[in-house]
Amino acid sequence: MAVGFASTSEATSYKGGKITLFLILSCMMAAMGGVIFGYDIGISGGVTSMEPFLRKFFPEVHRKMKEDNHISNYCKFDSQLLTSFTSSLYIAGLVASFFASSITRAFGRKPSIIIGGAAFLAGSAFGGAAVNIYMLILGRVSLGIGVGFANQAVPLYLSEMAPPKYRGAINNGFQFSIGVGALSANLINFGTEKIKGEWGWRVSLAMAAIPAFILTLGALFLPETPNSLIQRYDTHHKAKAMLQRVRGTAQVDTELDDLMAASILSKIAQHQRPFKCILKRKYRPQLVMATAIPFFQQVTGINVIAFYAPLLFRTIGLGESASLMSAVVTGFIGTSSTFVSMLIADKIGRRTLFMIGGAQMLISQVMIGGIMAVKLGDHGSVSKGYAYMVLVLIGVYVAGFGWSWGPLGWLVPSEIFPLEIRSIGQSITVAVSFVFTFIIAQTFLSMLCHFKAGIFFFFGGWVLVMTGFVYLFLPETKSVPIEKMDQVWRQHWFWKKIIEEERLDCMDDFKNDELSSKTLAIDQ
């Protein structure tokens, strides 16, 4: 039994397509949706370690950090109000993602990307001008709406525009953009922390407007995906013209036929509620992955590093400036490793990267937890040598995430859904991601206070579980055309037992309902 493996040799191969300049420019602009997400992740972690920001909005946290010598090293930043600043974005994003699902399905991917950019632009204005905690949180909510729309639409856009052979590289551009945004934010935080007058944090928050403006303006000129054009229009001519332009060839009939067949099923399925449709047995593998993958992505513990890296570095004894610089270093490592993933994901496959990254993250987390448990303690400090060893190990951990669960956590869910459930499926993925991002962001500082060094063993345990899950239950999806993805589930050792070939699908149910209605009308 080849555990977790499915052959892709029977998958349809589309000939003649190539990477065109039109495709590259379109995907680069759409991927700016990842930049705004990454910028927010990086900027929120940095400003919450800046003393002027803490004094203004979280004075109790600042007092504990500077004056309380009796409190544990692990508890200095334990504040539900402080974590609410970070986590409020994800509640807003959770709600927004479901509105985005309807808009993406009914009006296309492009309008959702525009709305996401505009909402993020408004949130950056509120954040930069905030004079009290309420205005600060309002800005975070607006940012969350922007991220919710962008995260729902952009991965779909990239997967639908990409040729099957290069879908991994192109979709991984979303996570690469997240890394670029986070790295840019870390660099900006490092610079603004040195601004005299205690207003550097305002610059950090307000500069989120730059990527948001670029995304909003650029999205106005984005082409719509061929899949969306077929889904929303009765004629296939617009979709064929777009497909020819994107692929750089007139020979697109095979791919167009697959898109049209998927669109027919999608339009028939619209007579049912999309959520009811995705609950059907034939879509059980996709539903499980849409839930499990974003859950596992969050319990890797990556957002502990992303949100609170400067606070964590201060916990082990680094100063404010050194902590921000350390966050820059880890951000650069994460971005570089994601770029590596873009180059190799379509060559060695998704499963292999998941395995390598999982082992790397597990080993580094266990070592970090061990060093902090033995050397830090509640009131002591670690030597510079051990502090930098922790920094190196965090870099190893971030690199493992950067070429595995980071990009693949967005890539795999976006490529496995058939067209009729693609929008709701992506919304479920984003919603689950936001729910558990919120939970981790809201509880981490309390968990750090109570678990202490054990927090790294906690997340390491989850990494072990998720690596086993991938080995057993995730088939390989590289190079499989997105409209032929159902084949990998039917060839998988476990999922083929779940999917019943004879079971009525959405189309059959609709036809039966329609037949029943006609029969009833005749009887009457």
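The values are calculated or read from the model by the stated rules, or taken from the named source; none is laboratory data. As the structure is a computational prediction, the values presented were derived from the model and not from experiment. For neighbour counting, all protein chains shown are included, and Cβ atoms are generated from backbone atoms with ideal geometry for every residue, glycine included. What goes into the accessible areas is simple: the full protein's heavy atoms, side chains included, and nothing from ligands, DNA or RNA. Shrake-Rupley method; radii C 1.70, N 1.55, O 1.52, S 1.80 Å.
At-a-glance table
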{"quantity": "Residue that is farthest from Met161 (Cα to Cα) [pool: residues in segment 470-485 that are open to solvent by 10 Å² or more (accessible area, probe 1.4 Å) and touching a helix residue (DSSP H, G or I) at 6+ places or on another chain (Cβ under 8 Å)]", "calculated": "Tyr471"}
{"quantity": "Test: residue in segment 32-41 that is modelled with pLDDT of 75 or more, of a type outside the set (A, V, I, L, M, F, W, C) and farther than 26 Å from Phe174 by Cα", "calculated": "no"}
{"quantity": "Residue list for segment 205-240, restricted to those being of a type in the set (Gly, Ala, Ser) and closer than 16 Å to Ile24 by Cα", "calculated": "Gly218, Ala219"}
{"quantity": "Filter pass, Val366 being modelled with pLDDT of 85 or more and out of contact with any His (no Cβ under 7 Å at 6 or more places or on another chain)", "calculated": "yes"}
{"quantity": "Qualifying helices (runs of 4 or more DSSP H) (wholly inside segment 114-221; at least 3 residues being of a type in the set (A, V, I, L, M), closer than 28 Å to Leu324 by Cα and open to solvent by less than 40 Å² (accessible area, probe 1.4 Å))", "calculated": "133-161, 167-192, 209-219"}
{"quantity": "Index of the failed condition, Gly93 passing every other in (1) crowded, with 21+ Cβ neighbours inside 10 Å; (2) modelled with pLDDT of 80 or more; (3) farther than 16 Å from Phe436 by Cα", "calculated": "(3)"}
{"quantity": "Contacts under 8 angstrom Cβ, first residue in segment 407-432 being more than 21 Å from His492 (Cβ to Cβ) and in contact (Cβ under 8 Å) with a residue 60 or more places away in the chain, partner open to solvent by 10 Å² or more (accessible area, probe 1.4 Å) and aromatic (Phe, Trp, Tyr), 6 or more apart", "calculated": "Pro407/Phe176; Ile424/Phe275; Ser427/Phe98; Ala431/Phe98; Val432/Phe295"}
{"quantity": "Identity of the residue in segment 447-469, under 18 Å from Leu393 (Cβ atoms) and at pLDDT 90 or above, that ends up surrounded by the most Cβ atoms within 10 Å (Cβ to Cβ)", "calculated": "Val463"}
{"quantity": "Residue list for segment 432-449, restricted to those being of a type outside the set (A, V, I, L, M) and touching an Asp or Glu at 6+ places or on another chain (Cβ under 9 Å)", "calculated": "Ser446, Cys449"}
{"quantity": "Any hit, segment 434-441, residues being closer than 30 Å to Ser263 by Cα and in contact (Cβ under 8 Å) with a residue 24 or more places away in the chain", "calculated": "yes"}
{"quantity": "Helices (runs of 4 or more DSSP H) wholly inside segment 232-290 containing at least 1 residues that are modelled with pLDDT under 80", "calculated": "253-269, 274-278"}
